[in-house]
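So the structure is just underneath, and the comments pick up after that.
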Amino acid sequence: MNFVTKEPINKGWSSDKKYCVTNENGVKYLFRVSDISEYEKKLSEFNMMKQVSSLGVPMCHPIEFGKCDEGVFSIQSWIDGNDVEEIISSLSDSEQYAYGLEAGSILKTIHSIPAPATNANGVVVEDWEIRFNRKMDYKIKKYGECPIKYENGQAFIDYINENRHLLKNRPQCFQHGDYHVGNMMIDRG
């Protein structure tokens with residue numbers, strides 16, 4: 001694919017280099033470049049994106065993956081729209097609620113994908129109960145170390161601790177892991 005324009009996108013927390021690129025027909029794409037050491041991880045992500053996309057999830061659709069001089073790249077469809085994080089406060093409460101419901105529905109669709117038996121490195125994924133309890137322990141520890149506290153925050157921790165037993169023998173599903181308004185767009189359509 002040949003690009004006639006390549007504009008950097010300086011947003012987000014990933015170390016990926018991101019660009020809005022345009023081909024000779026004026027079609028825009030998201031072009032991401034990562035270090036070559038992340039090849040297996042990025043290939044796994046790209047393949048998971050294809051699986052999620054096949055479910056009709058509104059997202060940047062994966063188009064191409066490969067190696068280039070700068071490392072490993074992916075090309076995805078472009079969403080012409082607004083970053084939710086930038087516009088959410090300008091939306092009415094009812095619009096925010098409606099988008100929240102839609103985001104929840106989309107996440108439920110993503111969670112319908114069973115977790116792979118192995119991770120990107122071929123290592124068997126450990127039991128959900130063990131893995132998720134460790135994650136909760138870490139989050140609770142970080143909350144305890146944080147100077148900012150929620151009113152009745154201990155009630156959240158108590159609820160989690162009282163319901164850990166529900167994780168026993170649960171099937172694992174794919175988890176997005178970074179699902180928040182900073183990673184969402186509302187397209188102009």
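The values are calculated or read from the model by the stated rules, or taken from the named source; none is laboratory data. The structure presented is a predicted model; accordingly, all values stated were derived computationally and were not measured. No Cβ is skipped: glycine too gets one built from the backbone with ideal geometry, and neighbour counts run over all protein chains shown. When the accessible area is computed, the model is the full protein with side chains, heavy atoms only, and any ligands, DNA or RNA have been set aside. Shrake-Rupley method; radii C 1.70, N 1.55, O 1.52, S 1.80 Å.
Quick notes
- The candidates ILE160, ILE148, arranged from most to least accessible area with a 1.4 Å probe in the full protein assembly, appear as ILE148, ILE160.
- Rounded to 10°, Cα long-axis angle of helix 39-53 versus longest principal axis of the chain: 90 degrees
- C-alpha long axis of helix 93-110 to longest principal axis of the chain, angle in °: 90 degrees
- Shape of segment 1-85, Cα gyration tensor, a/c cut at 1.5: rounded
- Nearest-10 value in Å² for the accessible area of LYS149, using the 1.4 Å probe: 100 Å²
- About its Cα centre, the dipole of the chain is roughly 480 debye, where the only charges are +1 on Lys and Arg Cβ and -1 on Asp and Glu Cβ.
- Dipole of the chain [Lys/Arg +1, Asp/Glu -1 at C-beta], most positive-end residue of ILE113, ILE75, ILE63: ILE113
- Relative contact order, percent, the chain [alpha-carbon distance under 8 Å, six or more residues apart]: 21 percent
- Solvent exposure of the chain as accessible area per residue, Å², 1.4 Å probe: 69 Å²
- Between 0 and 90 degrees, the angle of helix 153-162 with respect to the longest Cα principal axis of the chain falls at about 80 degrees.
- Comparing SER92, SER53, SER105 in a Gaussian network model of the chain where C-alpha atoms under 10 Å apart are linked, the largest mean-square fluctuation is found at SER92.
- Counting protein heavy atoms only, segment 34-93 has 48 percent of its accessible area on carbon and sulfur, 1.4 angstrom probe.
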